[in-house]
Amino acid sequence: MNAKKMIGAALFAVIAGGVFASETEEGGFAWAPGDGVSFDETPILSTEVALNFDSRYIFYGVVDGKDPIVRPCATATFGDWVYLSAEAIFDLTKGSGKRGGYGNRAGKYSALYPSIGLAHEFELGEKIGTLGIDFGYQYWYTPRSIGEVWDTQYLYLEATLKGHWVKPTLYVERDIMADEGTYVNLALAHTFEIDCIEGLSVTPSIAQGFGNSLRTKGYFSELEKVEGFDHGGLMDTSVKLELEYEINDWLKLGAYVAYYDYLFDDDMREAAAAYNGEWGAHEDKTWNFVGGLSLTASF
């Protein structure tokens, strides 16, 4: 299934979820805002749509778009196991396209990435906690107006352990089309509920990325300043503060600020500075501050 068809299937499932629920509330079927459709308390279908705004586009801790972007996405989950998801990146200005070499795409999408996967949470007891597993496939599609084929495909695995003061999340990604590189990221987070404002929570987190030589070579080796780069090691370090406000059972408002840097490897720092420097004067640094907003609805 190609990218556009997978996106269409995900969006159709989102719309169908609301129609299906409204017509089948009797005979064991039920629908609740934020929980989706169930049959005798067994999950059948849940959907989520979100609109995200980022002050600039950061990927692997480096700049892939200097100007603000909007990222709409939709996810449909079947039986609390299988999901279809689609997300897009829309440029808001002419700047990123011109500097990035793919022309003026202000108000147009610059990337589409549909996904299909399995996700479930396993209760492992009070001492161990709840283990969430997400394994999936993602296709990265870019418009042909860029002039070259930048499409690629990924397999990814994310494991999250809940139920403790610190929530660890391990993410592993393998490119299976462009460079066959592997990227790993380990994040530690904790959520504080703000008692004086019902529905508001704050989550600080810290994360560290690692890329093998194939992954970093695929990302950095074409830069003139670090031509032939094939050095694997510690990549991006990030420190993030996220706020989430539950407006009601099915609607959430989010915001974040984040700091990204390459701290632990001089070769990586040189490559990151050169990569960021491609976006213009005074951008040849290893660090970036970004922020964003999001609105998420669950049905």
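The values are calculated or read from the model by the stated rules, or taken from the named source; none is laboratory data. Because the structure is predicted, anything quoted here is derived from the model rather than measured. Here Cβ is always computed from backbone atoms with ideal geometry, including for glycine, and neighbour counts include all displayed protein chains. Heavy atoms of the whole protein, side chains included, go into the accessibility calculation; ligands, DNA and RNA do not. Shrake-Rupley method; radii C 1.70, N 1.55, O 1.52, S 1.80 Å.
At a glance:
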quantity: Highest-MSF residue in the chain out of Gly280, Gly100, Gly211 [GNM, Cα springs under 10 Å]; calculated: Gly280
quantity: Ser221-Val82 FRET efficiency (beta carbon distance; Förster radius 45 Å; 0.05 resolution); calculated: 0.75
quantity: Portion, in percent, of the accessible area of the chain that falls on carbon or sulfur, probe 1.4 Å; calculated: 59 percent
quantity: Volume of the Cα convex hull of segment 220-285, divided per residue and given in Å³; calculated: 135 Å³
quantity: At 1.306 mPa s and 10 °C, Stokes diffusion of the chain via Kirkwood alpha-carbon radius, µm² per second; calculated: 76 µm²/s
quantity: Rough spin-label spacing in nm, given labels placed 7 Å along Cα→Cβ, for Ile206 and Leu131; calculated: 2.6 nm
quantity: Computed label-point distance, nm, for sites Glu148 and Leu263 using a 7 Å Cα→Cβ extension; calculated: 3.3 nm
quantity: Virtual paramagnetic centre 7 Å along Cα→Cβ of Phe192, amide N under 18 Å, in segment 227-243; calculated: 239-243
quantity: For segment 168-285: accessible area per residue (Å², 1.4 Å); calculated: 55 Å²
quantity: Percentage of interatomic Cα-Cα distances in segment 31-85 larger than 18 Å; calculated: 51 percent
quantity: Per-peptide average of other Cβ atoms within 10 Å, ordering 104-112, 34-42 highest first; calculated: 104-112, 34-42
quantity: Over 32 Å between alpha carbons, listed pairs Lys217/Lys240; Lys66/Lys217; Lys108/Lys162; Lys127/Lys252; calculated: Lys108/Lys162
quantity: Hull shadow area, averaged, segment 44-179 [alpha-carbon convex hull, nm²]; calculated: 9.6 nm²
quantity: Gain upon complete extension [Leu124, Glu41; 0.36 nm per residue less C-alpha separation]; calculated: 27.8 nm
quantity: The chain: DSSP helices with Cα axial extent of at least 20 Å and average Kyte-Doolittle hydropathy no lower than 0.0; calculated: 3-23
quantity: Alpha-carbon centroid distance for the pair segment 153-193 / segment 201-242, whole angstrom; calculated: 14 Å
quantity: Structure-based [θ]222 nm, the chain - -39500 (n - 2.57) summed over DSSP H runs of at least 4, per residue, nearest 500; calculated: -5000 deg cm²/dmol
